[in-house]
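The values are calculated or read from the model by the stated rules, or taken from the named source; none is laboratory data. The structure displayed is predicted, hence computed values, not measured ones. Ideal geometry is used to build each Cβ from the backbone, glycine not excepted, and the neighbour counts take in all protein chains shown.
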Amino acid sequence: MGLIDTPMLRVLSGSLDVNAFRQRVISSNLANVDTPGYRTRDIDFHRALTDAVASSQEEDGNGGGGLTPVARKLQGLIERPDGNNVSADREGLLLAATQLRFSLSAQLVKDEFHKILSAIREGA
Amino acid sequence: MNPVSRALRILPALPELVPTRGGGGGTGAAGAPAGSFSATLRDAMAEVDGSQTRAEGVVRGVLEGTGEDVHKAVIAVEKADLSFQLMLQVRNKLIAAYQEVERLQF
Amino acid sequence: MNLFGVMEIAGSALGAERLRAEVVASNMANLETTHTPGGGPYRRRLTVFRAENASPFLFQLASFSPSSAALTGTALTGTALGRVPGGVRIAKVVTDTSAPLRRYQPEHPDADAAGYVAYPAVNPAEEMTDLLGAVRAYELNASSVQAAKQMIQQSIAILG
């Protein structure tokens, strides 16, 4: 991780990674809203977050990598006659929520970097 | 030469010089503390160099479209920048301390 | 694992839904076409959607396997990007083989010996519903593109 590393940064970095990945899964679902037989996929969000933070603590110092979350088929959604179970409402809501989480994390990362810079300049 | 190495060129010289001046003051008289200090410094400098290289790699990944996320690149760049800032501060403090010691000698 | 990939995935859907809308438009335009160069009335066409499997490293469980047998060229996907892993494509545009509607119109130039004219088996209500579906899906995927774009911009804004 290098010289610049705080628990907050690890958490936020993990949040950005997981939300970016989830957005990709959601967009796949949305792209296939009319595909016969397509099953909605999603990640275990909470687990993915903890995994991302945990893996960043033992990584080789590369800012990326870590574990890729697993996208599994969802159970319990209503299935249409052609076998497709994508709910436009669910995916639409999730799209907005994920985007907001990403946005929040990005802003907080920015703030964290500002704090670190201030500490470097004022302290020592 | 990497700008990081250029800026920190003075650093390796300092810990060596301090013990040969008679070892007064608080900058570490004996060879052992000074030695470990310079070793820590060297490690830190290597770390700064490393973070610069890493950042360049991730940014290249984004620009060449090989699947790197933009946020990863941005964070890597910020970390490299801040590492560099940190080292600059350390360098400045060390130079100040060295000059302080020099003044004490005369 | 990349937000630009999100745009491509949504882009594949935009192309597919647009093509679907075009096919509907073609059906609607030819509601009354009783004679075609190939003989017989216009035949309704429909699009077949297929999911494009994401790379196995990205999604652990495989979902829908496209039937590879009767796939036509990528020209039908409606997107210049070709196949997009994780996205969708129109596998083929098929012709409805339902029997045409027959109306008794002896004076009509295309009437057969019994005085019946064959009309396309196109149901306007069904076509409109299909079109609305295409429009809604198009809008959904357009918001996907917007979301991805904003997230990328927010990432860049971290640099301040």
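All but one of (1) of a type outside the set (Val, Ile, Thr); (2) touching a strand residue (DSSP E or B) at 6+ places or on another chain (Cβ under 7 Å); (3) surrounded by fewer than 24 Cβ atoms within 10 Å (Cβ to Cβ) hold for residue A:46; which doesn't?
Just one mismatch for residue A:46, condition (2).
Quick check, is residue B:5 modelled with pLDDT under 50, in a helix (DSSP H, G or I) and polar (S, T, N, Q)?
Criteria met by residue B:5.
Which one is farthest from residue A:33 (Cα to Cα) among residues in the range A:69-79 that are of a type outside the set (A, V, I, L, M) and within 11 Å of another protein chain (Cβ to nearest Cβ)?
The extreme case among them is A:69.
Being facing chain C (nearest Cβ under 9 Å) and either part of a loop (DSSP other than H, G, I, E, B) or of a type in the set (Phe, Trp, Tyr) (or both) is the filter here, so list the residues in the range B:67-85 that pass it.
Once the filter is applied, which keeps residues that are facing chain C (nearest Cβ under 9 Å) and either part of a loop (DSSP other than H, G, I, E, B) or of a type in the set (Phe, Trp, Tyr) (or both), the range B:67-85 yields B:67, B:68, B:69.
Between residues in the range A:88-100 that are more than 10 Å from every other protein chain (Cβ to nearest Cβ) and residues that are surrounded by 16 or more Cβ atoms within 10 Å (Cβ to Cβ) and among the β-branched types (Val, Ile, Thr), which pairs lie under 9 Å by C-beta distance while being six or more apart or on different chains?
Hits for this filter: A:90/A:40; A:94/A:26.
Condition first: part of a helix (DSSP H, G or I) and under 13 Å from residue A:19 (Cβ atoms). Now tell me which residues in the range A:40-52 satisfy that.
Correct list: A:45, A:46, A:48, A:49, A:52.
Using beta carbons and a limit of 7 Å, which pairs, at least six apart or on different chains, have the first residue in the range A:26-51 and among the hydrophobic types (A, V, I, L, M, F, W, C) and the second one assigned to a loop (DSSP other than H, G, I, E, B) and crowded, with 22+ Cβ neighbours inside 10 Å?
A:31/C:87; A:33/A:86; A:43/A:69; A:48/A:69
If you take the residues of the range A:1-39 that are among the β-branched types (Val, Ile, Thr) and surrounded by fewer than 24 Cβ atoms within 10 Å (Cβ to Cβ), which of them is modelled with the lowest pLDDT? Break it down into steps so the answer makes sense when it comes.
Within the range A:1-39, the first condition is being among the β-branched types (Val, Ile, Thr), and the residues that meet it are A:4, A:6, A:11, A:18, A:25-26, A:33, A:35.
Subsequent filtering for residues that are surrounded by fewer than 24 Cβ atoms within 10 Å (Cβ to Cβ) retains A:6, A:11, A:33.
Numbers: A:6: 88, A:11: 94, A:33: 95.
The residue in question is A:6.
Go through the range C:115-134 residue by residue and tally those that are exposed (fewer than 15 other Cβ atoms within 10 Å of the Cβ) and either part of a helix (DSSP H, G or I) or in contact (Cβ under 8 Å) with a residue 24 or more places away in the chain (or both).
Counting residues in the range C:115-134 that are exposed (fewer than 15 other Cβ atoms within 10 Å of the Cβ) and either part of a helix (DSSP H, G or I) or in contact (Cβ under 8 Å) with a residue 24 or more places away in the chain (or both) gives 6.
Regarding residue A:78, is this residue out of contact with any helix residue (DSSP H, G or I) (no Cβ under 6 Å at 6 or more places or on another chain) and modelled with pLDDT of 90 or more?
Numbers: out of contact with any helix residue (DSSP H, G or I) (no Cβ under 6 Å at 6 or more places or on another chain): yes; modelled with pLDDT of 90 or more: yes.
Here the answer is yes, as residue A:78 does meet what is asked.
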